[in-house]
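Presented below is the structure to which this report refers.
None of the figures in this text is laboratory data; all of them are computed from the coordinates on show. Small disclaimer: the values here were computed from a predicted structure and weren't measured. Neighbour counts run over all protein chains shown; Cβ positions are idealised from the backbone, glycine included.
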Amino acid sequence: MAITVSVIKADVGSLVGHHRVHPEQISVARQLLEEAKAGGTLVDYHVTNAGDDIVLIMTHRKGTDSREIHTLAWNVFHEVTESVSRPLHLYAAGQDLLSTAFSGNLKGMGPGYAEMEFEERPSEPLVVFAADKTEPGAWNLPLYRIFADPFNTPGLVIDERMHHGFVFRVMDVYNDRVIDLHTPSESYDLLALIGTPGRYVVHSVFRKVDGMVCAASSTTRMALIAGRYVGKDDPVCIVRAQHGLPAVGEILEAFATPPLVAGWLRGSHHGPLMPVPLRYSQCTRFDGPPRVVALGFQLADGKLVGPADLFDDPAFDNARAKANEVVDYLRRQGPFTPHRLGAEEMEYTTLPQVLRKLEGRFKTLAERRLEAPRT
């Protein structure tokens, strides 16, 4: 019988700026999901955080885009907001709940979610990634490395079940449409798209030989929904591992060199995506830098065995050191691009409000010359 894994996250209020969640928020969310499990809605659950985002990891038999599961998650976030975030005056309470009129599906509502439905294998390891202070396109480079780069994933060369390649489903988030591209035959076409992560986002990955779903990521871009900056998207991603799929070590290796991603302070800067253990999942320096946690689970008849805090390993100390070195360099660039995002991305921040004040003062050079004092 198929199992569905749903990972749904939201920022509904933070302790001390955009820093981290409050323990009571986690406690309330766990209580509500425990009730849902006891009532038969869920098979199992785990509640965690990535920076200031609450992350709900749930298994169930309802399939993807289930009205019941999405409503459950919405109600959890709403209750945490009203019973904890607002009474404690936490910062940006309910930030990711973009509408009060919930329709039964989280698409376009603010919370980010990644889901996949599959038949559980005899041994089913999976890795749940959750990032803070970045956007859904942050997964583009790591997912390419995991499923298409033999220098990262030697299984692409030596494992017969992976040797035929994978299918990347890519979403154009500006036009809400998708395209399927095959690797290795269409690798260059794939890179032509996902090299622009602000627009083209890897939605999911399938094994070409049999169509098995291998990975799924959230694609919500709140600024496009709201038409203005309302906080960064802070995406999640699920990756299945082993037995004809990339090994856990190959999956994690994709983060050994931190990719540059958009987000960071005010959602307006590029920075390195730092792989951190849960205890370091708190964004401080310049509200960052952007960071990612990786939790490993074994599924056992739908039950979540774990988690293993996979980045809690000195093997990633060099990656964190490299990220800090990049932070030092980028911060010296101040408000200049490419540290600050390009004009297209900045349209959804608060910068246009500043520029509108200056618009009436622009003149042609000829006009300005006429006004210049004569000598």
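Can you give me the three principal axis dimensions of the chain from its C-alpha atoms, in Å, biggest first?
88, 52, 40
Looking at the chain as a GNM with Cα springs under 10 Å, which of THR134, THR153, THR364 has the largest mean-square fluctuation?
Top of the fluctuation ranking is THR364.
Once both labels are modelled 7 Å past Cα along the beta-carbon direction, what's the VAL305-ALA92 spacing in nm?
That separation, rounded to one decimal, is 3.8 nm.
Could you tell me which chymotrypsin sites (Phe, Trp or Tyr not before Pro) in region 151-197 are loop residues by DSSP with no more than 16 other beta carbons within 10 angstrom of their beta carbon?
PHE151, TYR174
For region 72-82, take each phi angle, set θ = phi - 60°, evaluate the Karplus expression 6.51 cos²θ - 1.76 cosθ + 1.60, and give the result in whole Hz per residue in order, putting x for glycine and proline.
So the Karplus estimates, Gly and Pro as x, are 4, 4, 4, 5, 4, 5, 5, 5, 4, 4, 6 Hz.
Which far-off residues, 5 or more places away or on another chain, put their amide H under 5 Å from the one on MET212, with H placed in the peptide plane?
Amide H neighbours of MET212, under 5 Å, 5+ apart: ARG207.
Residue farthest toward the positive end of the dipole of the chain, with Cβ of Lys/Arg at +1 and Asp/Glu at -1: which of VAL80, ILE158, PRO335?
Final value for the positive-end residue is PRO335.
Taking amide H atoms as placed 1.01 Å from N in the peptide plane, list the residues 5 or more away in sequence, or in a different chain, whose amide H sits under 5 Å from that of LEU304.
Those lying under 5 Å, H to H, from LEU304 are TYR45.
Taking the Cα centre of region 1-141 as origin, work out the dipole magnitude from +1 charges on Lys and Arg Cβ and -1 charges on Asp and Glu Cβ, in debye rounded to 20.
100
My understanding is that a pair violates if its Cα-Cα distance is over 20 Å; which of LYS9/LYS107; LYS62/LYS133; LYS107/LYS303; LYS133/LYS357; LYS37/LYS62 do that in this structure?
LYS62/LYS133; LYS107/LYS303; LYS133/LYS357
Would you work out the Kirkwood radius for region 274-374? I mean one over the mean of 1/r across all pairs of different Cα atoms, in Å.
About 18.2 Å for region 274-374.
Applying the Karplus parametrisation 6.51 cos²θ - 1.76 cosθ + 1.60 with θ = phi - 60° to the phi angles of region 210-216, what ³J(HN,Hα) value in whole Hz is obtained for each residue in order, glycine and proline being reported as x?
Along region 210-216, the couplings run 9, x, 4, 6, 10, 8, 8 Hz.
Show the residues, 5+ positions off or on another chain, whose built amide H is closer than 5 Å to the amide H of PHE166.
Amide H neighbours of PHE166, under 5 Å, 5+ apart: THR183, LYS208.
Please give the FRET efficiency for GLU359 paired with THR337, using the beta carbon to beta carbon distance and R0 = 30 Å, rounded to the nearest 0.05.
After rounding to 0.05, the efficiency reads 0.90.
Between ALA315 and LEU260, what FRET efficiency follows from the Cβ-Cβ distance if R0 is 25 Å, with the result rounded to 0.05?
0.70
In region 256-336, which trypsin sites (Lys or Arg not before Pro) fall in coil by DSSP and have 16 or fewer other Cβ atoms within 10 Å?
For trypsin sites (Lys or Arg not before Pro) across region 256-336 that sit outside H, G, I, E and B with at most 16 neighbouring Cβ atoms in 10 Å, the list reads ARG332.
May I ask you to derive the FRET efficiency for HIS19 and ALA366 from their Cβ-Cβ distance with R0 = 41 Å, giving the value to the nearest 0.05?
Efficiency computed from Cβ-Cβ geometry: 0.20.
How large is Rg over Rh for region 151-221, taking Rg from the Cα atoms and Rh as the Kirkwood inverse mean of 1/r across Cα pairs?
Here Rg/Rh amounts to 0.99.
Report ³J(HN,Hα) in whole Hz for each residue of region 128-139, in order, from the Karplus equation J = 6.51 cos²θ - 1.76 cosθ + 1.60 where θ = phi - 60°; Gly and Pro get x.
Taking θ as phi minus 60°, the curve returns 9, 9, 9, 10, 10, 6, 8, 10, x, x, 4, 7 Hz for region 128-139.
Note down the magnitude of the dipole of region 217-375 about its Cα centre, charges +1 on Lys and Arg C-beta and -1 on Asp and Glu C-beta and zero elsewhere, to the nearest 20 debye.
Rounded to the nearest 20 debye, it is 1040 debye.
Using the Cα centre as the reference, give the magnitude of the dipole from point charges on the C-beta atoms of the chain (Lys, Arg: +1; Asp, Glu: -1; all else neutral), rounded to the nearest 20 debye.
So the magnitude is around 1520 debye.
Relative contact order of region 1-99, please, whole-number percent, based on alpha carbon pairs below 8 angstrom and at least 6 residues apart.
RCO, region 1-99: 42 percent.
Using all C-alpha to C-alpha distances in region 99-244, build P(r) with 10 Å bins and read off the rounded percent in each one.
Result, from short to long distances: 11, 41, 33, 12, 2, 0 percent.
Which angle from 0 to 90°, rounded to the nearest 10, does the C-alpha axis of helix 317-331 make with the longest principal axis of the chain?
Around 20 degrees separate the two axes.
Stretch GLU160-GLU34 to full length: gain in nm at 0.36 nm per residue minus the Cα-Cα span?
Value of the extension gain: 41.2 nm.
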